[in-house]
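Read-outs throughout are calculated quantities, based only on the coordinates presented, and are distinct from any laboratory measurement. All of these numbers come straight from a predicted model, not from anything done at the bench. Reconstructed Cβ throughout: ideal geometry from the backbone, glycine too, with neighbour counts over all protein chains shown.
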Amino acid sequence: EAEVAQSPRYKITEKSQAVAFWCDPISGHATLYWYRQILGQGPELLVQFQDESVVDDSQLPKDRFSAERLKGVDSTLKIQPAELGDSAMYLCASSLRYMNTEAFFGQGTRLTVV
Amino acid sequence: AQSVTQLDSHVSVSEGTPVLLRCNYSSSYSPSLFWYVQHPNKGLQLLLKYTSAATLVKGINGFEAEFKKSETSFHLTKPSAHMSDAAEYFCVVSDRDSWGKLQFGAGTQVVVTP
């Protein structure tokens, strides 16, 4: 069964360091999402891609976060510099198209900033 | 603008008794609605989805939900809870106005007692 792949599963980094997460969506899925989930809360959208274009990054802290999906396939989310408040689960999801289809989620990357 | 309110942050049920998780939504257009489940240290899994077809939607593991436009509700039910249903449940809304952005509720933690 096709899955959304994310790496690493766990990451511990020191404050002010750079950190990057990688996501490989299900083949053929045009829409890719990056969500952040703080413990005890629902996931919050950081950025949404339609193919290689960003269609929503309104909640992405652009002073420190960046995301790219250069060839419209896999994607990288970067934080530089990391802050203590960035500790969270970072979830990647993909869907066939942006409406009326379910999104499939990866296992996530658990980030701890110390 | 779209939003989701899950009316209960915690629900405790006895094994074999019915489960009801309440969700109200706000959407500018005809929305798509989803319920996702998240078991500890696992990814998000789709339980069921409503995309403007039948208003009573059946999902996996015996769950179902009813879309009520007049009440802007999409409550999740299961006739008989099983120990394996203990998890966090998220109600999610998506509409065409926002590129299909998945807006999550805050979640409902379900505890099942023997």
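All of B:Ser14, B:Ser26, B:Ser9, B:Ser80 fail the test of being hydroxyl-bearing (Ser, Thr, Tyr), within 24 Å of A:Tyr33 (Cα to Cα) and touching a residue at least 24 places away in the same chain (Cβ under 8 Å), apart from B:Ser26. Scan the stretch A:73-114 for residues that are within 14 Å of A:Tyr33 (Cβ to Cβ), in contact with an Asp or Glu (Cβ under 9 Å, 6 or more places away or on another chain), touching a residue at least 12 places away in the same chain (Cβ under 8 Å) and not in a strand (DSSP E or B) and the total you get is 3.
In the stretch B:71-114, the qualifying residues are those that are of a type in the set (A, V, I, L, M, F, W, C) and touching a Gly at 6+ places or on another chain (Cβ under 8 Å), and the one that is farthest from the other protein chains (Cβ to nearest Cβ) is B:Ala81.
When each of B:Leu47, B:Leu76 is tested for being at negative phi, surrounded by 13 or more Cβ atoms within 10 Å (Cβ to Cβ), in contact with a helix residue (DSSP H, G or I) (Cβ under 9 Å, 6 or more places away or on another chain) and not in a loop (DSSP other than H, G, I, E, B), the lone residue that passes is B:Leu47.
Restricting the stretch B:29-44 to residues that are among the hydroxyl-bearing types (Ser, Thr, Tyr) and part of a strand (DSSP E or B), the residue that is nearest to B:Glu88 (Cα to Cα) is B:Tyr36.
Selection of the stretch A:77-110 for residues being under 10 Å from the mean Cα position of the chain (by Cα) and at positive phi yields only A:Gly108. Among the residues of the stretch A:89-114, those identified as farther than 30 Å from B:Ser30 by Cβ and either surrounded by fewer than 16 Cβ atoms within 10 Å (Cβ to Cβ) or more than 14 Å from chain B (Cβ to nearest Cβ) (or both) are A:Leu111, A:Thr112, A:Val113, A:Val114. In the condition set (1) over 10 Å from the mean Cα position of the chain (by Cα); (2) touching a residue at least 24 places away in the same chain (Cβ under 8 Å), A:Asp51 is compliant with all but (2). Of the residues A:Ser16, A:Ser66, A:Ser27, the single one that is surrounded by fewer than 17 Cβ atoms within 10 Å (Cβ to Cβ), more than 14 Å from chain B (Cβ to nearest Cβ) and within 27 Å of B:His39 (Cβ to Cβ) is A:Ser27.
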